[in-house]
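See structure below.
The values are calculated or read from the model by the stated rules, or taken from the named source; none is laboratory data. Everything numeric here is computed off the predicted structure, so don't read it as measured data. Positions of Cβ are generated from backbone atoms using ideal geometry, with glycine treated the same way; all protein chains shown enter the neighbour counts. Areas reflect the complete protein model, heavy atoms only, side chains present, ligands, DNA and RNA absent. Shrake-Rupley method; radii C 1.70, N 1.55, O 1.52, S 1.80 Å.
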Amino acid sequence: MRAANINPRTGLATDYLNHFNEAIMLLEMVPDMPECAEDFLEWQPLSYGEHFTASHFKARDLAIEAYESAEASVRAEFDNVTSAMTSILTAVGDAMRAAKQVKPLVALAGGIINAGGEADVDYIMTH
């Protein structure tokens, strides 16, 4: 299992963390490269088995089998941590999508504040 990057003691492979690291990397790039936001929003959570089934990892079948055979307490602890990571990344994506919906509302609120009149905006800008 070591040759396949699977920890023989836990039965888990660090390759699964690439799934999360990809999303984190895209999110960290957004301030400098806003176009990465769309790539981040396309990220979809995958279970351990789904990740390896879809991957080109040479030992993917062994990774899935080792995970399924892992000690229940180790697997439960790992699943709790990865579930938390999934929840956080999903919440960030939901918040980013919601922010897009808030921007037009801010403009609408601005129109209400300024009595919806372009003349009022012109007056404010010139005085």
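Divide by every residue of the chain the summed helix terms, -39500 (n - 2.57) for each DSSP H run of at least 4, and state the resulting mean residue ellipticity at 222 nm, rounded to the nearest 500 deg cm²/dmol. All intermediate terms of the calculation are to be shown ahead of the outcome.
Numbers: 6 runs with 88 residues, N = 127.
When only DSSP H runs of four or more count, the value is -22500 deg cm²/dmol.
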Correct choice for semi-axes √(5λ) of the Cα gyration tensor in Å that was computed from the model, options (1) 30, 21, 14; (2) 48, 14, 10; (3) 19, 18, 15: (2)
Accessible area per residue, Å², the chain with all protein chains present, probe 1.4 Å: 69 Å²
Heavy-atom SASA rank of 87, 69 (probe 1.4 Å, accessible area, largest first): 69, 87
Assigned charges on the beta-carbon of Lys, Arg, Asp, Glu; the chain dipole about Cα centre (debye): 380 debye
Segment residue 38-residue 107, length gained on full extension (0.36 nm per residue, minus Cα span): 22.6 nm
Förster radius 22 Å - calculated FRET efficiency between residue 92 and residue 47 (Cβ-Cβ, nearest 0.05): 0.70
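If we sort 36-49, 11-24, 89-102 on the protection proxy, mean other Cβ atoms within 10 Å, highest first, what's the order? Write down the numbers at each step before the final one.
Working: 36-49: 15.8, 11-24: 17.5, 89-102: 12.4.
By packing density, highest mean first, the sequence is 11-24, 36-49, 89-102.
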Selected from 99, 23, 63, residue furthest toward positive end of dipole (the chain; charges at beta carbon): 63
Virtual spin-label span in nm between residue 21 and residue 9, 7 Å along Cα→Cβ: 2.0 nm
Rounded tilt (10° steps) of 17-29 against the dominant C-alpha axis of the chain: 20 degrees
